[in-house]
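In what follows, a structure is listed as structure tokens, so that the remarks can point back to it.
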Amino acid sequence: MLSLLPLLLCIFSSTIRAAQGPSPRPSVVHVGALLTFDSTIGRVAKVAIDAAREDVNSDPAVLAGTRLDIEMRDTNCSGFLGMAEDWLSSLLDSKGPLSSYTMSTMQGIITLRQHTEESERKSDLISRWGNLTRKESGNFRLNSYGFYAYDTVWMLAKAIDSFFDDGGIISFSNDSRLQDSTAGTLHLDAMNIFNGGDLLLDKVRSTHFDGSTGVFQFDSDGNLIHPAYDIINVIGTGSRTIGYWSNYSGLSVVPPETLYTKPLNVSPSRDQLYSVIWPGETTIRPRGWVFPNNGKELKIGYPLRVGYTEFVSKSPTTDTAKGYCIDVFTAAVNLLPYAVPFKLIPFGDGHDNPNYTALVNMVATQEFDAAVGDIAIVTSRTKIVDFTQPYLSSGLVILAPIRRRKSNAWAFLQPFTLEMWCVIGILFIMIGTVVWTLEHRLNDEFRGPPRKQLITIFWFSFSTLFFAHRESTVSTLGRSVLLIWLFVVLIIQSSYTASLTSILTVQKLSTTVEGIESLRTGNGFIGFQVGSFAENYMVEELRIPRSRLKALSPEEYAGALELGSDNGGVTAIVDELGYVEIFLSKNCQFSIVGPEFTKNGWGFVFQRDSPLAVDMSTAILTLSENGDLQRIHDKWFTRAACFSESEEIDSERLSLSSFWGLFLICGISCFLALVIYLTGVIYQYIHLPSTHQQDPSSHRMPKLGRSLREFFSFLNDKEEDVQKRYSQRGHKPDGDVSVNLET
Ligand code: GLU
């Protein structure tokens, strides 16, 4: 009510008349009120002021017999008084106290009404104003305006009463300061000054009473003490109170008057509001701000791509933009803390990919507010527009045809290195010899003429390669050695198969282009994607003559590369990695040569210093960090890459280093078996004199030579025969030896 009061006071001082001569208490006090009749405040205030005047005048105790007369005039919303009323309205709408609360942005859905306490008088007034309320139905401000107008008249009456009690006299004088120097329509010089103004103002400030809206009192600044607001959620044509705000208790769902008596911080209802129902009957909070573009949607250009339409293109069915870039853009816009209404406008003739630099220029010249698409961030463009952070990195690479290496007749040798082949060969012979040694004395299959035995050694060992050896092994040692060897063979065999398979499937590749330097210094034609910045880059940065460059659409790539530079095609194509990857997923006869030689990325284009560029960059980083960027990428590009073909076969060859452990085990087992075997045989030889000792020819030989010869002859003897001989002579040697050798 603080707002209505100065208006009334101002009028009061100008129209009061001392109607009853010198008596300090006039019979009538005339008060003027200026209202805009045809306004919400005006209509309701008029009724309320009338009601208050009636009530004041019907109670002689209020003004001790003096009658209060209020004359109301229409301001027609003109001049400063009209402005004053606008100001009043704006005060009632004020969001000042709530500015810390984000609802302030949701005007129209959440609004404020000055809070009034429930009282008997209030309900009485409501019933008296019932008709008016109905007429103004839907306007929730109605009652609070009325109550405050009503209470203000009462307060004024009480203040006037106390003004008279203190000897106040109503008198006026002219003031020389009020001169209408501009000779305008206000006629200030005709106005009088109310001499008792200060006293009356004091009275107004010190008066307090229980009005229809609770305690009615002003503080020293003229503000109502305990200003409070109801927070109203407007739903369609209805409304509902979702809480209160007062300068004492802050936001709460409990009416402020019940909190005035309680200590502040104990209330659990503090800083709470009932949930808001938003348009669309939802309690999910919408994003409040709208990007300020004078209410217009942003015009956003996108390239009408012809090749690689997965990046961005126009859907032929719905005529709307679609593609990876569009999805990234919409995902980023959705992360902005405010709504950005936009319209996507295609750029390009639909036959060829448009010139991307021209699109960027259109943003710079403000034909578009922004551009979205696979637009590379390059220095020349960053000079005229602002880019967001890149959402995809895509530098320039060289795409060139590759030649397949001819299949080699000696490919079967490639799985193992030469060293490995030699070691394997030696091992086979070694195993054959060891097994022969261990078996020779026990097993008839390893006996016979020396030539036959030699063949047996080779045959036996090499047939183990296929696990096809026929000769059975009878000695324990021979079997153990063979077992370990078969395991080694198994490993060698499977490694060979695996290695050979990979060598035969992987083709060795070679290209004529080695890198950007050889391409630059060569003289073949170089292709680039039509519309791409690659053209300018090659001309301006790499200094390649423009005559060597050929604009190609992605569909022409394969044909031009296959033709080659001499037949009207190109030697190689320079394009961004993003496109080349897609191309290679369908064309395996080409390959990227060398590394990416520029490090570009794709970003969205905004006009210089656009705040959106910064916010969109943040949104893109968020998308990248939460993995959404990758998910969008996978949605559009699920492709199988060509088999990686550039590996050298040498690196696939198996060398000794991968097998020496296995070979060591095999060698140790052979060695141990031989040691054990020889120990047994020597033991047997020493303890059992053989028939060789009676050989008459032996006498002519030197002693050492003779015994060695005898020993080898003993070795050559079949174990069975030796045993037989000794049992005939009735001499049983150490049984352990025979057991060792026979089993
Ligand atoms: N991304 C390229 C650029 O920004 C254009 C690709 C094309 O020409 O299709 O220049």
Worksheet entry | Order by protection proxy (mean Cβ within 10 Å, highest first), peptides 455-465, 545-555 | 455-465, 545-555
Discussion item. How much length would be gained if the chain were fully extended between Ile429 and Ile665, taking 0.36 nm per residue of separation minus their Cα-Cα distance, in nm to one decimal?
Written reply: 83.3 nm
Worksheet item: Given a Förster distance of 30 angstrom, what is the FRET efficiency for His351 paired with Thr521, based on the Cβ-Cβ distance and rounded to 0.05?
Response: 0.30
Worksheet, complete the sentence: Placing each pseudo-label 7 Å from Cα in the direction of the beta carbon, Ile455 and Ala409 end up separated by a distance in nanometres of 3.1 nm
Item to complete: Quick one: of Lys550/Lys635; Lys314/Lys635; Lys383/Lys599; Lys299/Lys322; Lys299/Lys550; Lys314/Lys550, which pairs are farther than 25 Å apart, Cα to Cα?
Response: Lys550/Lys635; Lys299/Lys550; Lys314/Lys550
Item to complete: With a point put 7 Å past each Cα toward its Cβ, work out how far Ser58 is from Glu367 in nm, to one decimal.
Response: 7.6 nm
Worksheet item: Pulled fully out, how much extra length does the chain show between Leu708 and Leu418, if you take 0.36 nm times their separation in residues and subtract their Cα-Cα distance?
Response: 100.5 nm
Discussion item. Modelling each spin label as a point 7 Å along the Cα-to-Cβ direction, I'd like the Thr330/Ser127 distance in nm, to one decimal.
Written reply: 6.0 nm
Item to complete: Compute the length gained on full extension between Lys599 and Thr283: take 0.36 nm times their separation in residues and subtract their Cα-Cα distance, giving the result in nm to one decimal.
Response: 109.1 nm
Worksheet item: Among Leu674, Leu251, Leu708, what is the fewest-to-most ranking by other Cβ atoms within 10 Å?
Response: Leu708, Leu674, Leu251
Worksheet item: Can you work out the FRET efficiency for the pair Ser553 and Thr318, with r the C-beta to C-beta distance and R0 = 35 Å, to the nearest 0.05?
Response: 0.90
Worksheet item: For the pair Leu621 and Asp166, what calculated FRET efficiency results from E = 1/(1 + (r/R0)^6), where r is the Cβ-Cβ distance and R0 = 60 Å, to the nearest 0.05?
Response: 0.25
Worksheet item: What is the packing order of peptides 61-72, 299-310, taking the mean over residues of other C-beta atoms within 10 Å and listing the highest first?
Response: 299-310, 61-72
Item to complete: Take the Cα of Glu118, step 7 Å along the line toward its Cβ, and report every residue of region 224-264 whose backbone nitrogen sits under 19 Å from that point.
Response: 228-233, 239-246, 252-262
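Values quoted throughout were computed directly from the atomic coordinates according to the rules given, and no laboratory measurement underlies them. The structure presented is a predicted model; accordingly, all values stated were derived computationally and were not measured. Heads up, the Cβs are rebuilt from the backbone with ideal geometry, glycines too, and the neighbour counts pull from every protein chain shown.
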